[in-house]
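Visitor: Can you read through this structure? Questions will come right after.
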Amino acid sequence: MNDLSPVIAADKAHVWHHLSQHKQYEQIDPRVFVEGKGMRLWDATGREFLDGVSGGVWTVNVGYGRETIADAIRDQLVKLNYYAGAAGTVPGAKFAQRLIEKMPGLTRVYYSNSGSEANEKVYKMVRQIAHRHHGGNKWKILYRDRDYHGTTIGTLATSGQDQRALQYGPYPDGFVRVPHCLEYRKQWDVENYGERAADAIEEVILREGPDTVGAIVLEPVTAGGGVITPPEGYWQRVQEICKKYNILLHIDEVVCGVGRTGTWFGYQQYGIQPDFVTMAKGVASGYAAISCTVTTERVFEMFKDDASDPMGFFRDISTFGGCTSGPAAALENMRIIEDEGLLDNTTRMGERVLANLNALMDKHRVIGDVRGKGLFCGAELVADRATKEPADEKMVQAVVADCLAQGVIIGATNRSIPGHNNTLCLSPALISTADDIDALTTAIDGALTRVFG
Ligand code: PMP
């Protein structure tokens with residue numbers, strides 16, 4: 001291994017890291033990863049890690065070191081690297097067609113570069129529809145407590161995770177919060193919890209006035225907010241409510257999209273038909289920056305008008321939405337998932353993660369709840385099973401650190417929901433084997449014993 005100390009020095013001197021408290025960071029030598037293959041990573045010291053979170057934030061769905069994706073990108077780049085705006089590109093057109101084949105009922109793909117941007121496009125579309133088709137009404141967008149949709153001011157206005165948003169206001173008007181649906185932390189003492197949680201959305205619509213509400217944005221399975229799987233009956237009721245009040249349903253698949261839950265999209269687990277779907281992370285597994293905003297012909301038609309009207313179309317562009325590396329990588333990423341049967345593998349391995357975590361519940365009373373869909377699973381840690389008091393955040397972080405010391409990378413819900421940053425997360429690549437899964441949960445077992453006794 002080369003001496004990487006100059007790299008580490010440059011990193012410490014000049015890189016402002018994401019989500020990092022640099023006061024703390026100055027005291028340590030940052031870890032620099034230099035190589036990845038499959039589920040494994042190597043750092044600058046040559047140490048090997050098993051990655052249980054697909055690149056830190058649930059992104060590298062098909063694993064590291066995929067030469068065929070690198071080849072597809074290279075072949076495309078030397079032919080044509082870029083063209084943006086009104087003209088098309090070959091991979092852009094091909095990937096849109098392949099994607100739409102996986103999404104019955106949806107027909108149009110709008111390219112940009114990040115999850116935040118893909119979501120922001122929807123908010124702009126909804127507001128423009130309000131101007132053009134609802135006489136300025138139906139411009140509000142509902143979002144859910146504990147969900148997250150991005151880092152821009154618009155998407156932060158829909159952050160259900162307070163600590164991410166608190167210091168960046170004031171925010172634009174028209175974004176209204178609805179309650180979350182985590183059954184483990186019941187807000188209503190009823191039998192049909194899913195329907196009740198969805199009815200809470202209807203209550204907000206009625207309070208705001210149905211004529212003012214244009215759309216609702218929801219994660220199919222809430223990711224960073226605690227790996228929250230929806231309770232039985234929730235989605236059916238949400239869909240009914242949207243139909244009843246003519247509210248567009250926007251599903252944020254930035255995390256769940258492209259295989260993570262065992263179907264191409266998370267919403268397909270729950271039999272719903274969205275009006276907008278946004279996706280980013282898994283689209284090209286982090287080999288290129290690409291995000292997509294996908295919608296229906298009905299929505300698309302609302303933006304068609306007389307060619308001479310300068311306001312009659314979606315007045316938006318994303319400069320790097322014209323990079324051909326994104327759709328070229330995404331096409332190959334999709335081929336890999338199909339040819340290697342990774343959706344079925346995700347379902348099978350996801351069941352194994354849940355079975356292993358449930359078995360750990362018998363041994364570790366600190367595990368209060370286990371939940372997940374496909375290879376997107378969480379274990380909520382509690383100080384007391386009876387009261388469900390969340391485990392101390394520092395102890396949760398100590399479990400993550402213990403796993404890291406064992407050479408295993410796991411995650412925990414980000415520090416964004418005061419008092420509720422207590423869920424361990426596992427989201428390994430869709431190529432995981434039974435041995436990989438067992439290694440991840442064995443590491444957690446050891447860590448829980450050492451941290452909690
Ligand atoms: N939506 C969800 C559900 C996310 O988890 C994220 C990122 N973690 C985003 C949107 C924002 O994506 P990006 O960081 O690519 O802007």
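Visitor: From the backbone phi of the stretch 109-118, what are the Karplus-calculated ³J(HN,Hα) couplings (6.51 cos²θ - 1.76 cosθ + 1.60, θ = phi - 60°) in whole Hz, Gly and Pro given as x?
Guide: Values, residue by residue: 10, 10, 8, 8, 10, 9, x, 4, 5, 4 Hz.
Visitor: Along the Cα→Cβ direction, 7 angstrom out, place labels at residue 363 and residue 301. What is the inter-label distance in nm?
Guide: Rounded to a tenth, the inter-label distance reads 5.9 nm.
Visitor: For the chain, go through all pairs of different Cα atoms, get the mean of 1/r, take its inverse, and jot down that Kirkwood value in Å.
Guide: The Cα-based Kirkwood calculation yields 22.9 Å.
Visitor: While we're looking at this one, here's another question. Order of 100, 431 from fewest to most other C-beta atoms within 10 Å?
Guide: Working: 100 15, 431 22.
Ordered from fewest to most neighbouring Cβ atoms within 10 Å, 100, 431 come out as 100, 431.
Visitor: Quote the FRET efficiency, to the nearest 0.05, computed for residue 133 versus residue 449 with a Förster distance R0 of 60 Å and r equal to the Cβ-Cβ distance. The partial results should precede the final answer.
Guide: Values: r = 59 Å, r/R0 = 0.99.
For R0 = 60 Å, the calculated efficiency reads 0.50.
Visitor: If you filter the stretch 137-205 for GluC sites (Glu not before Pro), then keep DSSP loop positions with at most 14 other Cβ within 10 Å, what is left?
Guide: Details: sites: 183, 191, 195, 202, 203; in loops: 191.
Passing both the DSSP loop test and the Cβ count: 191.
Visitor: Now, a different point. Residues with amide H under 5 Å of residue 38's amide H, sequence separation 5 or more or different chain, H placed in the peptide plane at 1.01 Å from N; which?
Guide: Here 64, 65 satisfy the definition.
Visitor: Right, something else. Averaging sequence separations of C-alpha pairs under 8 Å and six or more residues apart, then dividing by the length of the stretch 68-339, give the relative contact order as a whole percent. It would help to have the intermediate numbers written out before the result.
Guide: On the way: 499 pairs, mean separation 76.5, N = 272.
Once divided by the residue count of the stretch 68-339, the mean separation gives 28 percent.
Visitor: Just to be sure I understand the curve: with the Debye formula and one point per C-alpha of the stretch 322-453, what is log10 I(q)/I(0) at q = 0.15, 0.16 Å⁻¹?
Guide: Calculated log10 I(q)/I(0) at the listed q: -0.73, -0.80.
Visitor: Please order 66, 237, 335, 315 by the number of other Cβ within 10 Å, starting at the fewest.
Guide: Working: 66 21, 237 18, 335 15, 315 10.
Fewest-to-most Cβ neighbours within 10 Å comes out as 315, 335, 237, 66.
Visitor: In addition: Taking every DSSP beta bridge with both residues inside the stretch 68-339, roughly what % is antiparallel (nearest 5)?
Guide: Numbers: 11 of 25 bridges.
Antiparallel: roughly 45 percent of the beta bridges in the stretch 68-339.
Visitor: Take the Cα radius of gyration of the stretch 49-120 and divide it by 2.2 N^0.38 Å, with N its residue count; two decimals is plenty.
Guide: Details: Rg = 15.1 Å, N = 72, 2.2 N^0.38 = 11.2 Å.
Taking the Cα Rg and dividing by 2.2 N^0.38 Å, one obtains 1.35.
Visitor: Quick one: what are the phi-derived ³J(HN,Hα) couplings along the stretch 309-314, Karplus 6.51/-1.76/1.60 with θ = phi - 60°, whole Hz, x for glycine and proline?
Guide: 7, x, 9, x, 9, 6
Visitor: Amide H of residue 248 versus every other amide H placed in the peptide plane: which residues, excluding those fewer than 5 positions away on the same chain, fall under 5 Å?
Guide: Sorted by chain and number, the residues that satisfy this are 215, 216.
Visitor: At each listed q (0.23 Å⁻¹), what is the log10 of I(q)/I(0) that the Debye formula gives for the stretch 40-90 modelled as equal alpha-carbon point scatterers?
Guide: -0.91
Visitor: Rounded to the nearest 500 deg cm²/dmol, what is the calculated helix-only ellipticity per residue at 222 nm for the chain, with -39500 (n - 2.57) per DSSP H run of length n ≥ 4?
Guide: Numbers: 14 runs with 167 residues, N = 453.
Here the helix-only value at 222 nm equals -11500 deg cm²/dmol.
Visitor: Show me, for the stretch 364-378, the HN-Hα J-couplings you get by feeding each phi into the Karplus relation (A = 6.51, B = -1.76, C = 1.60, θ = phi - 60°), rounded to Hz, glycine and proline as x.
Guide: 10, 5, 6, 7, x, 8, 10, 8, x, 9, x, 8, 8, 10, x
Visitor: Another question, if that's okay. How much length, in nm to one decimal, is gained on full extension between residue 319 and residue 5, taken as 0.36 nm per residue of separation minus their Cα-Cα distance?
Guide: Numbers: separation 314, 0.36 × 314 = 113.04 nm, distance 3.59 nm.
So the chain would gain 109.5 nm between residue 319 and residue 5.
Visitor: With a Förster radius of 41 Å, plug the Cβ-Cβ distance of residue 203 and residue 405 into 1/(1 + (r/R0)^6) and report the FRET value to the nearest 0.05. The partial results should precede the final answer.
Guide: Details: r = 47 Å, r/R0 = 1.15.
So the FRET efficiency works out to roughly 0.30.
Visitor: Further question on the same structure: Using modelled backbone amide H atoms (1.01 Å from N, in-plane), which distant-in-sequence or interchain residues come within less than 5 Å of residue 383's amide H?
Guide: For residue 383, the qualifying residues are 389, 391.
Laboratory data are not the source of any read-out in this text; all were calculated from the coordinates shown. Quick caveat, the model's predicted, so the values are computed rather than measured. Cβ atoms come from the backbone with ideal geometry, glycine included; neighbour counts cover every protein chain shown.
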